[in-house]
Amino acid sequence: MQESAIEREGRRVPGQIQAIGLMALAVTLFAGLDAAGKYLASEMGVPVIQIMWLRFLGQFALILLLVPAFGILSAKGLFITRRPGLQLIRSLMMAATTGFNFVALKYLRLDQTISIIFLTPLVVALLAGPFLGEWVGWRRAVAILVGFAGILLVVRPGFADVHPAVLYSFAAMLAYAAFSLLTRHLVAYDPPLVTLFYSMFVGTLLPIPFVLDQWVAPPSALAWLLLLSLGILGGTGHYLYILAHRLAPASTVGPFIYLQAVSMTALGYIVFADVPDVWTIAGLCVVIASGIYLIHREHIVARQPQAKR
């Protein structure tokens, strides 16, 4: 007896709800990671390179502990890649994203940095044509332009004092866009866990000489606690992110990544007493709406290949 469409849908719904819950928790942990990094850099004077390294070190250790959960009996299998050069470049882009983002967070509000980072899907859609052959149609091109207009509301060049650290935030966003494009390209060559492993491995190994040169002793027990939490927040967040995409398609869980804006704004107010102005909120809403529309169009094209992008 064949399963009806209603029965199939009823079976999918609980998994989708669970996936959305996991995604919401993952992005909340990511917001906590940024808030902890900002507090360590701006309030406690911990060098950014030290914060960055301990984030990667903790997340790398967590991945190794979770290796059996992914069905891999030996960590040696994580080193096997068909595209080592691209894995290295992708990992460097991840390290650059983290470094630039923590430098920007030292000076900017949490809601400002997340607004700029949310431009990433728009830039990826724009660059996917020349790099991946995935050209956008006029609908998505308009959405991209609207998203960039939204970020102008946040930054407001010429109408407000723009902190130079905004450039670091844009650098983080561009590095993350390159990281995302390389991730999409490597899907055809390596398993996701191998790709994740390389970014954590390189991010842990590369900064060691700089960390040894700039290391400062954490000034308090709270500083130690925050430093130790970086890897846990990042690693657990990425693990839940992967689980969410296993339980439901990206078109279902993707829009909920924008809940991170709520978490970031709330933490900015609670921890740093930062109150976003109306322009920042308006610009953030425009960027989020553009991103969600791009996800919607991607879902339509995936289901109907003949549809125009």
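Worth a mention:
- Using 0.36 nm per residue and subtracting the Cα-Cα separation, the extra length available between residue 131 and residue 149 on full extension is 4.1 nm.
- Residue 17-residue 162 FRET efficiency (beta carbon distance; Förster radius 35 Å; 0.05 resolution): 0.25
- Each Lys and Arg contributes +1 and each Asp and Glu -1, all at the Cβ; summed about the Cα centre of the chain, the dipole is approximately 820 debye.
- Entry note, the chain: the mean residue ellipticity at 222 nm calculated from DSSP H runs of n ≥ 4, each adding -39500 (n - 2.57), is -25000 deg cm²/dmol after division by the residues and rounding to the nearest 500.
- Each Lys or Arg adds one and each Asp or Glu takes one away; over the other residues whose Cβ falls under 15 Å from the Cβ of residue 189, this sums to +3.
- Hydrophobic long helices, here whole DSSP H runs in the chain with Kyte-Doolittle means of at least -0.5 and Cα atoms spread over 18 Å or more along the helix axis, are found at 5-38, 48-66, 84-107, 138-155, 165-186, 192-205, 221-247, 259-272, 278-303.
- Positive-end residue of 100, 229, 142, charge dipole of the chain with Cβ unit charges: 142
- Net charge of neighbours whose Cβ lies under 15 Å from the Cβ of residue 90, counting Lys and Arg as +1 and Asp and Glu as -1: +2
- Centroid-to-centroid separation of region 15-67 and region 189-260 [C-alpha atoms, Å]: 5 Å
- Extending 7 Å from Cα along the Cβ direction at residue 210 and again at residue 189 yields two label points whose distance is 2.5 nm.
Read-outs throughout are calculated quantities, based only on the coordinates presented, and are distinct from any laboratory measurement. Given the structure is predicted, the values throughout are model-derived calculations rather than measurements. Here Cβ is always computed from backbone atoms with ideal geometry, including for glycine, and neighbour counts include all displayed protein chains.
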